[in-house]
Structures are given as structure tokens and as C-alpha cells.
Amino acid sequence: MNYVEYSSTGGWAAQALLISVLAVPALGALVVALLPARMDRGARLLATAFAAVTLVLTVLLAALQASDFGYFDYGTGPLALVPWADVNVPWVPALDVGFHLGVDAISYPLVVLTGLLTALCCAYTVWKVPEGGRGRTLAALLLVLEVGILGTFLALDLVLFFIFFEVVLLPMYAVIAGWGGPDRRRAARKFVLYTLFGSVLLLLGVFTVIVAAGTGDLVTLTGASDLSRTVQCSAFALFAVAFAVKAPLWPLHTWLPDAHTEAPTVGSVILAGVLLKMGTYGLIRVGVGVAPEGAAWAAPALGILAVVAIIVGSLVCLRQTELKRLIAYSSVGHMGFVMLGIATLTVTGLQAALIGNVAHGIITGLLFFLAGAIKDRAHSGELSELGGLRETAPRLAGLLGFAAIASLGLPGLAGFWGEAFAVVAAAQRGGPLWMTLAVVAAVGGALTAAYFLRLLRRVTHGPATPAVTGFAEISRPEWLAWSPLILLALVVGLVPALVLAATAGPGAALTGVLP
Amino acid sequence: MIQSVNHFALLPLYAAAGTALLVLVLELAVGRWAVPAGIAGGLATIGAAVTLALDPADTFCGPARCSWVATPPAAVMAVLFAALTIGVLALSAPALRLGIAPAGEFCFLLASSMAGGVVVAYAGDLITLIVGLETLTLPLYVLVGLRRFAPRERVTTEGASAAVTFFLVSVVSTALALLGAALLYASTGALHLAELTGGAGQFAPLASVGAALLVIGFAFKVAAVPLHAWAPATYDGAPIPVAAYLSTASKLGGVIALAAVAQRLDTGPLVAVLAVLTMTVGNLVALRQTRMIRLLAWSSVAQAGYILAPLAAGAAGVPAALAYAVFFVLLEFVAFGVVVALRGPGRDGGDLTEYRATGRHHPWLGAALVLALAGLAGLPPGLAGLFAKVTIVASLIDNGWGWLAGVVALNAVIALAYYARVAASLYAPVGLPSEPVPAAEPGAVATLTRVDVSRTVGAAVAVATLLTVILGFAPQWVFDALS
């Protein structure tokens, strides 16, 4: 057995930075929740300030890379996972839990995305609080969600990863149940029970690995030299189902449309933007990382399910009549591409999955912001009642068009890279199965274009319906919340290296251990 | 033969039993200060248990074994019994002040029960264990039904019938446990817990029947299915603080007894079956409950299942079961404490609909209840409960009981459905169109306005909640204390 000494890397500044990325939003949530009711607006402003500081801190994590020589270790060193810097202290030795946080090229883009979306959502709540509860409670919950999501991306210990994975459950439940639409109770319950089902499987998987390996430390476990094939297969099966619920992968996706339809705008943005990524990230970091043989064993099944998800998601979208539900189902298709990329178990596939994750977070976040804005103005999300938006609100319609085109994967925008290279990776993998999967996925990509164009035709074109007349123009806070996402959709599309820089090494290290 | 007695080792028991006597004398002599005296006695018991833990000593020793064994888990359990007694006294204080139950008798009975708990914690042989359990339970029969009615108040017999149910079931279970102990003694000649074995040769079947009877007898105490039917009726009929004591201290006694037996006798399959039935039935029935106390009662049945599960693995699972029990009694106490605080003295738990929006009127109490329910469900922010669940699952997988870990995990999902329902109703706006609140009901009106929370109750809830939060971040302390 290979016990890890509790040793941290990076200087004290690096460790303080890592800790503060979690501590600042946690402190913010506490302070904001404790402020008295009469300071509601002030509390929301304060929450935004905390979220903004966290965003700055997450961006600063990139500075840790400068002092990094780990990149050159990949392939030659014994470890397949070399964080830029990490904090490692014992927490509950009785359960093999170490408080081990660290960041590397795979987690960094998602960490920044989380910081960005939370800050935007907090800013959005300053301007508009959805009906149902107090604004400051919502802002505090957003910060708690941020702690959970950031913790999941930063955790380098299996049990710690599981704990952060669980942290988001109840706050998200509360956001949907407290500030959601008319059928929010049922949707929230479905969300929380479904995802808890996923995370208890994760718990079983985590301890299957820990009992077999004697440690829960991901740095030691990644590459999994001393786990038997049986353990790897059973652990990966548990991990795959657990993350498939979260991601979500067909056929375990049914909680998603309900949750998205009922959730308030900020809830949908966080849910689609970063919460789902916990599933795909987990599959890469924990699933493939800890049980590579198991991953190789299950890859064909995972690939087939991913492609089915792409096709089913697209076909369902073609028949959808409700705006938010359509975007929700489009997430199923997009996450299918991400899953396909992971399932190929090639460097290209993993990179496609990583950029697909980030692109989906940016674009779908934007789409949900826009859908929320339209629904708030029109008091309806039915496509049949929303025709002619271009006539009454040309800017809003233009933005919706931009986001939809970005989402369907037009080259030059962020959505392109993930989808295209997932297909390329599957084709490169070769063999009849993977070629078929690549072809079918490509067809799914075309269907994606079809339903987004249908959406645009229904919503923006045609004669203006009564619901869309008298629309307010896009307000300044809305521009503020949306413009970073619009910019990023462009920038990531033009310079994918922004996300993919330095991921080739870790990707090769992850796939290199495969038989 | 004269046995030398180490009185230092008996300090916790002296403190606990002395508390009972002191309260009784105070009540007869001056007629007040029963509650403060009880609380002081509880603190003294904690002090004695800690002192003994620092310098462990056994007593009532035969040639080889002792009947009073001061192990680290024993100290933790003794402290817990005393702390729970203090807590329940604090929760009962407003009701006692109003004269809803006679203060002297109430405190005396509770202190006697605490003395029984201390005996259970330190017991080194089966007879001491069963006597301790009976001392722990006997005063509770009375406490469940102990209630005075104001002159014009409607007299209900719920408490009395709950007491009788509890009494009858408990007596039968004790008889079974005693029969089991007798069979075991007859077949193996062992009474000391450390010497219990499965028996050999022609006596083996007799010994296994004895072991099974012991497990079944003790399973009554933790309200394990199929021996659980008394619990919901008894909890709901009893005053809420007494129900809190039943579901924490009384259950803890059963857990210690079961752990003592299950770790040395081969009872794995029986315990596993009991565990699966208990958690599954408890959770499924809890889904349908509409009354607060009944829901908590069924949930505590289910929780007993989680505690039993690691005991299926025998001695290897005992630390996990005890750790879970520690976290569980804390969370359960917080949950009951909040209910007491929200309902005011002398009232029953009421319907779940009466708790609508109480979380908005009482943000701190609401937060404490959400913390407790989340913990019972095993989710953050109830980190203590999360670690408890993790301990169970880790122990089961470690000991090769993976399928049982799977059952525990699935049950956790079922359980969240009702915990989330209760927690959500605390923050639900009053009078949703789909579920109107019956305005004519007096209880509904009373909870919607602010209830004045008594200072002692508030303090008890605050301390327990704080402790839960701290142990949630530092669960290692519990594991360290138990080993």
C-alpha cells in the first residue's frame, strides 16, 4: 500500500490562496445570511462583492502555474496527477479523510467558470429577486453553492470530493423550492432525490476504492497501479452511474428538464453552467483517474449511451414547445458530446470534453439568462406565444440568435470545439463501433442545428404576438450580467487554447496508463 | 468471600444515583429546586465519568473478569446519558414550572433512569447489563404517562395508554433477554461479556438460541422492526421531552447492549436481517406520516436500522455503530428540542401543517431543525450526520458487507424525501392554494404567531446545536474518544 505523507506543495501564499477560494464565499454566505431583513439590498450587494472577490481569487490561481515544473514531470514521473499547488492536512484520519485541495489544468477552467457565473448571478439578484423568498437568502445560497462546486473541483481527496459533491444538494433544492415556478416543489424534490441517489452510489464507489487501496488521496490513486481489475470495474461502474445522474446522461436525465423549467433564472444558470459539470469533471478526475481499467472496460457502453443522449436530446428538443425546457433538453444533448469525448479515452477526447464543459457552461448560462429575461417580460415560455420577438425587442432577439448559434456549434464560437473534437476523437479511435458512434454523433450535431434554428424561427421571426409587445429594452444590469458570457463565447471560440492550455500533459497522463 | 470494591470506579454511578436521592429529598424537604439539582447532579455525573476515564479502574472483579469495566466507550456513553438527562430536564423545565407534571417525581424518575444508563455503559456482565437496562427503562413507563391536568382541561388518556403499551412490550422483551442470558449461561457457563462465546458441541444450538433471544430482547429497546410497533404510539402519547429521552437515551442503552452481544456472539445474519427490515420499514412508513412526533418516531426506527447494520459484521463494526449512535443522539436531541421550543410547554407535537412558515418566524430554531434533519438524512449542512453515514458505509464495505452498505445508501435516498418535506414546510408560505391551512384549528393559529421560547429550552437547543456543528467539523474527536 502506498500511504501519502501529508505534505503540501507551493509556498504559503499558494496555500492561503487555495484556502481563501473556499473560505471567502463561505464567510460571505454566513455574513449575508446574518444581516437583518431591512438591509436586504445591501446584503445582496455584499454577496456580489464576496462573489467578485472569489472570482478574482480563482483567476489568481493561474499564477500558481508559473512556479510549476510539474508539467514536465508528466509521463516521466510516477504520478499521473501533479497539481500546480496543493494544501494537504489531515482532517478525519479515522475515515481516511485528508483535507487535500489543489488545482491543475483540468480543474482550473471550471474553477474560474464557477467564480464567474456565481458573481454574475449574485449581481443579477441585486437587480432582480425572483418571487418566493428573501433576496439575501437567495444570494447566501448562491454563495454556499459556490463553495460546494469549487470544493468539488479543487478536492484531491476522494471523501472530501464526495462531501463537497453533497454540499450543493440542499442549497440547490432550496433555490428551486423557494424561488421557482408554480410546480417547484415537485421539481425540487425530484432533483434532490435523483441526485442524492447518484451521490450515494458515489459514496459506495469511494469506499470500494479506499478499502482496496488503503488511501483516498487522488494524487496517489490517479493511475491506480495497485487496484485489481475487479475493484476497478466495480468502482468505475458505481462512479459512472453516480456521475451520469449528475451530468446527466440518458436515461438518467429526467430530473433535469423539470428542475430547469421550475428553477429561477439564477438557479438555472448555476445548475446548467457549473453544477452539471461536477458530473463530467468527476468522471474524468475520479472515474478515469482512479479506475482506468474500469473505464476502458465500460467505455463502449458509455459511448453508446452518450450518443443515444445526443440523438434523444435533439429529437426531444425538436418537439419542445417551452423555451426553458428546450434549453434544458439541449443540455442533455451537449453533455452527451462531453460524455462521448470522455468515453473515447483519448487525449483529444478528454480535451474535447474539457472545452465542451466550459463552452456549455458559458453558452447555456447565457441562454438561460436570456430565457429568463424573455419569460419575465412575456410571462410565458410557450414558443407559440413568443413569435416575432425581432419586431419588438431586436436586441434581445439578436442575443438569443447569437447564443443559439453559439450553442449549435458554429465554428469560431465556443460550442464548436467540444462537439467537433468529440466526433473527431471517436473517429480517430477507429473500429466499427467508434466510427458508427462518430457518424451518429455528427448527425446529432446536425439535429442540434435544426432545433436551434427552429427555436429562432418560432421565437424571433414571424408576426409579433401579444405576449411580446411592449417589451422593455435590455437594462444595464442585464447587459452587465450577460456581456462577460457573450465575450467569452467569442473568445473561447477564437482562442480555445485559453481553456486547453497545458491540458495535453494531464490528459496524456490520464490516458497513458490505459492498457 | 468478601469482594473488595473500588469506590473510585463507581464514582459515576454514585453521582447519578446520588442525584436521584438528592432530588427526592429536596422535593420532600423544600419542595423546589428539583430541576437545578437534577442538572447539577447530571454535571457531577459527567465530571465523575471524565475523572474515571482519565484514570480507568475496574471493580466487582472475580478471579478473571470484572463486572464493572471502565473502557473509553463506556465513559463516552456515561457522559452522553448524563448530558441527555440534563438536556431533557432543561426541555421539561417550562412544563414543570407550570405544574403540568409534578417536578419532584419527574426529576427523580429521570435521574434514576440516568443511573440505569450509567450502569449499562460500564456493565461487564450480562446480569449487570440487563439490570442496568431495566433501571434505565423502568422510570420511563411512569414518565410517559406522568401528566397533571388543569381543572377545566380535557383529560386525555393518550399518555396512560402509551405508558401501558410501552410497559407491556418492554416487559416481554426483558423476559426474552433474560431467557436468552439464562440459555447462554446454561450452555457455555459464561456471564461476563468478555467471555461470551457461541458454545461448543451439543450445547452449540442452545447457545445460538440464547444469543438470538438476547438480540431480539435488546432489539425491542432500540425499536427494531418487527419489534418496533410500540415506539410511534408511545412517542406520540408521551410529553415531547420524554419522547426525546426515549428516542435518544433509551435507544442508546439498547445499542450498547446489542453491541456487547453482537461483537462476541455469531449473530451476523440475524442482525443483518433486523437492520434491513428496520431501516426499510421505518423509512417507508415515515414517508406517509402527517404528525411531527410520529414522523420523528418512524425516522428514529429507521435510524436504529443504520446503527444495527455495522453490528452485522460483529466486533469490527462496533466502533462504527457506537460512533453513529453518538452523532445520531445529538441530531435527534436537536430535532426534538426544536419541536419542544416551537410548541411550548405541555403541548403535543401536532400536525406537520402546523409548522408551516415557522422557520420564517423563528429563523434560528428553523435553522437548527434544518441542520438536525439534514444531519439525520446524512447531508450537509448536517456534517455530523454525513460523517455518521460515511462511517457506517465505510465500515460495512471494509468488513465485506457491501450489499448491506448498498441497502443503507438506498435507504438514505428514501429518507431524504420526508426530511426534505418537513424542512421545506418550515419555510413554505402559509396557505398555499393547493394545501389550505385549516383556519379553525386553534393549534395552527398559535404556531403562526411568535411563540415565546423559554430560556432553558433555548439554551439546551443552542448548546446541542453548537455541539453538533462543532462535531460536524471535528468528527475525529468522537472517534478518538471512543477508542
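Here are a few things to note about the model shown:
- Restricting attention to region B:402-418, the residues that are more than 7 Å from every other protein chain (Cβ to nearest Cβ) and either surrounded by 23 or more Cβ atoms within 10 Å (Cβ to Cβ) or closer than 19 Å to B:Ala335 by Cβ (or both) add up to 6.
Quick grid of which residues meet (1) surrounded by fewer than 24 Cβ atoms within 10 Å (Cβ to Cβ); (2) within 30 Å of B:Gly145 (Cβ to Cβ); (3) out of contact with any helix residue (DSSP H, G or I) (no Cβ under 7 Å at 6 or more places or on another chain):
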{"site": "B:Thr19", "(1), (2), (3)": "no, yes, no"}
{"site": "B:Val23", "(1), (2), (3)": "no, yes, no"}
{"site": "B:Gly31", "(1), (2), (3)": "yes, yes, yes"}
{"site": "B:Asp58", "(1), (2), (3)": "yes, no, yes"}
{"site": "B:Pro73", "(1), (2), (3)": "yes, no, no"}
{"site": "B:Leu84", "(1), (2), (3)": "no, yes, no"}
{"site": "B:Leu89", "(1), (2), (3)": "no, yes, no"}
{"site": "B:Pro102", "(1), (2), (3)": "yes, yes, yes"}
{"site": "B:Leu110", "(1), (2), (3)": "no, yes, no"}
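- Screening region A:41-78 for residues that are in contact with a helix residue (DSSP H, G or I) (Cβ under 6 Å, 6 or more places away or on another chain) and at pLDDT below 80 and picking the one that is surrounded by the most Cβ atoms within 10 Å (Cβ to Cβ) gives A:Leu64.
- All positions within region A:375-394 that are in a helix (DSSP H, G or I) and surrounded by fewer than 24 Cβ atoms within 10 Å (Cβ to Cβ): A:Lys375, A:Asp376, A:Arg377, A:Ala378, A:Leu383, A:Ser384, A:Glu385, A:Arg390, A:Glu391, A:Thr392, A:Pro394
- The residues of region B:272-317 that are among the aliphatic types (A, V, I, L, M) and in contact with a Gly (Cβ under 6 Å, 6 or more places away or on another chain), listed by number, are B:Ala275, B:Met279, B:Met292, B:Ile293, B:Val301, B:Ala302, B:Leu311, B:Ala312.
- Condition check for B:Ala372: more than 9 Å from chain A (Cβ to nearest Cβ) and farther than 15 Å from B:Ile307 by Cα: yes
Residues checked against (1) at pLDDT 80 or above; (2) surrounded by 18 or more Cβ atoms within 10 Å (Cβ to Cβ); (3) of a type in the set (Lys, Arg); (4) not in a helix (DSSP H, G or I):
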{"site": "A:Arg454", "(1), (2), (3), (4)": "yes, no, yes, no"}
{"site": "A:Arg457", "(1), (2), (3), (4)": "yes, no, yes, no"}
{"site": "A:Pro463", "(1), (2), (3), (4)": "no, no, no, yes"}
{"site": "A:Gly470", "(1), (2), (3), (4)": "no, no, no, yes"}
{"site": "A:Glu473", "(1), (2), (3), (4)": "no, no, no, yes"}
{"site": "A:Leu488", "(1), (2), (3), (4)": "yes, yes, no, no"}
{"site": "A:Val499", "(1), (2), (3), (4)": "no, yes, no, no"}
{"site": "A:Thr511", "(1), (2), (3), (4)": "no, yes, no, no"}
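- Checking each residue in region B:211-232 for being closer than 25 Å to B:Ala123 by Cα, under 16 Å from the mean Cα position of the chain (by Cα) and not in a loop (DSSP other than H, G, I, E, B) picks out B:Phe218, B:Ala219, B:Phe220, B:Lys221.
- Which numbered condition A:Phe164 fails, given (1) in contact (Cβ under 8 Å) with a residue 40 or more places away in the chain; (2) in contact with a strand residue (DSSP E or B) (Cβ under 8 Å, 6 or more places away or on another chain): (1)
- Scanning region B:162-210 for residues that are outside any helix (DSSP H, G or I) and exposed (fewer than 15 other Cβ atoms within 10 Å of the Cβ) turns up B:Gly189, B:Ala200.
- Selected residue (criterion: nearest to the chain's Cα centre (by Cα)) from residues of region B:377-396 that are more than 8 Å from chain A (Cβ to nearest Cβ) and of a type outside the set (Gly, Ala, Ser): B:Ile392
- Pairing each residue of region B:272-298 that is in contact (Cβ under 8 Å) with a residue 60 or more places away in the chain with any residue that is polar (S, T, N, Q) and outside any helix (DSSP H, G or I), provided the two are 6+ apart or on different chains, yields C-beta distances under 9 Å for B:Leu295/B:Gln289; B:Leu296/B:Gln289; B:Ala297/B:Gln289; B:Trp298/B:Gln289.
- Residue match in region B:449-469 (condition: at pLDDT 80 or above and within 11 Å of another protein chain (Cβ to nearest Cβ)): no
- For region B:2-16, residues that are over 14 Å from B:Trp68 (Cβ atoms) and not in a loop (DSSP other than H, G, I, E, B) total 1.
- Number of the exception - A:Ser20 against (1) of a type in the set (S, T, N, Q); (2) modelled with pLDDT under 85; (3) surrounded by fewer than 20 Cβ atoms within 10 Å (Cβ to Cβ): (2)
- Those residues of region A:205-237 which are surrounded by fewer than 23 Cβ atoms within 10 Å (Cβ to Cβ) and facing another protein chain (nearest Cβ under 10 Å), in sequence order: A:Val211, A:Ala212, A:Ser234
- On inspection, B:Met114 passes the criterion of being buried (at least 24 other Cβ atoms within 10 Å of the Cβ), closer than 25 Å to B:Ala260 by Cβ, out of contact with any Leu (no Cβ under 7 Å at 6 or more places or on another chain) and not basic (Lys, Arg).
- Of the candidates B:Ala357, B:Ala341, B:Ala323, B:Ala286, the single residue that is crowded, with 23+ Cβ neighbours inside 10 Å, over 30 Å from B:Ala481 (Cβ atoms) and not β-branched (Val, Ile, Thr) is B:Ala286.
- Residue within region A:408-415 that is surrounded by fewer than 17 Cβ atoms within 10 Å (Cβ to Cβ), farther than 18 Å from A:Gly365 by Cα and of a type outside the set (Phe, Trp, Tyr) present: yes
- Residue match in region B:349-359 (condition: within 9 Å of another protein chain (Cβ to nearest Cβ), acidic (Asp, Glu), out of contact with any Lys or Arg (no Cβ under 8 Å at 6 or more places or on another chain) and over 23 Å from A:Leu143 (Cα atoms)): no
The values are calculated or read from the model by the stated rules, or taken from the named source; none is laboratory data. Just so it is clear, the model here is predicted, and its values are computed rather than measured. With ideal geometry, Cβ positions are generated from the backbone for all residues, glycine too; neighbour counts draw on all protein chains shown.
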